[in-house]
Amino acid sequence: MAVLSRLIARHKLIILSYYSYLQKYLYPHQRDIVRILAFLAEACHNLIPETELQPIIKHKVDNFVNDRCNEEKITIGINVIRELCLKAPMIMDEFHLNYIAHYKSYK
């Protein structure tokens, strides 16, 4: 995953199936979730269509940024979403942006 993510980032490759492959490993209980999220953030760039990354944002919000998760997982989720939005600014829709904005003063 690390090598493939670096190749995608450095050469701005568009391998759309890679993001759906990573999505099945993006759960808070995953063993090396921080590394997998770093691979995801590294593999994103501005040439990837927004329609491919929007399901990942929805998945991250549903599984990491909610009241059931502890503070650490919420922080990790918000930071990864921030990194994804820095690299591909048009992937965030209005609903998810407002939902995440409510966590500004959370704990």
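The values are calculated or read from the model by the stated rules, or taken from the named source; none is laboratory data. What you are looking at is a predicted structure, and each value in this text was computed from that prediction instead of being measured. Please note: Cβ atoms are built from the backbone with ideal geometry, for glycine as well, and neighbour counts cover all protein chains shown. Areas reflect the complete protein model, heavy atoms only, side chains present, ligands, DNA and RNA absent. Shrake-Rupley method; radii C 1.70, N 1.55, O 1.52, S 1.80 Å.
Some observations on this one:
- The residues of segment 63-86 that are more than 18 Å from TYR25 (Cα to Cα) and crowded, with 17+ Cβ neighbours inside 10 Å amount to a single one, CYS85.
- Enumeration of residues in segment 29-53 that are farther than 15 Å from GLU83 by Cα and in contact with a Phe, Trp or Tyr (Cβ under 6 Å, 6 or more places away or on another chain): GLU52
- Residue in segment 35-51 that is within 13 Å of the chain's Cα centre (by Cα) and over 18 Å from ILE8 (Cα atoms) present: no
- Put simply, of ILE56, ILE15 the only residue that is modelled with pLDDT of 90 or more, open to solvent by less than 70 Å² (accessible area, probe 1.4 Å), farther than 17 Å from GLU83 by Cβ and of a type outside the set (Asp, Glu) is ILE15.
- Looking only at segment 26-53, residues that are aromatic (Phe, Trp, Tyr) and open to solvent by 70 Å² or more (accessible area, probe 1.4 Å) come to 1 in all.
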